[in-house]
1. Yes or no: Ser97 surrounded by fewer than 12 Cβ atoms within 10 Å (Cβ to Cβ) and assigned to a loop (DSSP other than H, G, I, E, B)?
2. So Ser44 ticks every box in (1) surrounded by 11 or more Cβ atoms within 10 Å (Cβ to Cβ); (2) within 30 Å of Ser99 (Cβ to Cβ) but one. Which box is left unticked?
3. What helices (runs of 4 or more DSSP H), lying completely within the range 11-83, carry at least 2 residues that are farther than 23 Å from Leu106 by Cβ?
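No lab work stands behind these numbers, since they all come straight from the coordinates. Bear in mind that the values here come from a model prediction, so they are computed numbers and not experimental data. Here Cβ is always computed from backbone atoms with ideal geometry, including for glycine, and neighbour counts include all displayed protein chains.
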Amino acid sequence: MQAAELFEQKVRPPEVARRLRVSLKSAYQWHQLWRDGGREALASRGPSGSRCRLSPRCLEKLAGYLEQGPAAHGWVENQVWTAARVATLTGRKFHVSHSVSGATRLMHRLGFSPPVPTRRVAGRDEQAVTVWKEATWAEVKEPGLPAGLHLLRG
């Protein structure tokens, strides 16, 4: 709505982008929407992305299953809920498939989080890691990306 106010004051899209700290492309898209439909055209349409495929009742059931722990559902080797296990569980119990990233979002929504290693491997070779970072990573990283930035593309 701030963009609509600025457009009404005859502020051009590049200046709107600068002031609101958004991309130039977004500012021009907003300007087009505003010209075609006014302030109402810029009103939020709610969160983007797909809706949760589990009903509120199923989400409650899933939270209960997660509270029971992995062993109660067949994973006895360790007591850790991974995103892959949660994706499998939703498939088994609700016949709804989730990707690993979708299961991660589902876990966060329910107040759980997938495990993150707390320690490094005992046999880790620090010198080999340093050599890899300095030599190999520099060769394989995409041009223009900072050396420490890791992107997953999918």
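1. Taking the combined requirement at face value, the residue does not satisfy it.
2. Failing condition for Ser44: (1).
3. Numbers: elements: 13-20, 24-37, 56-68.
Qualifying helices (runs of 4 or more DSSP H): 13-20, 24-37.
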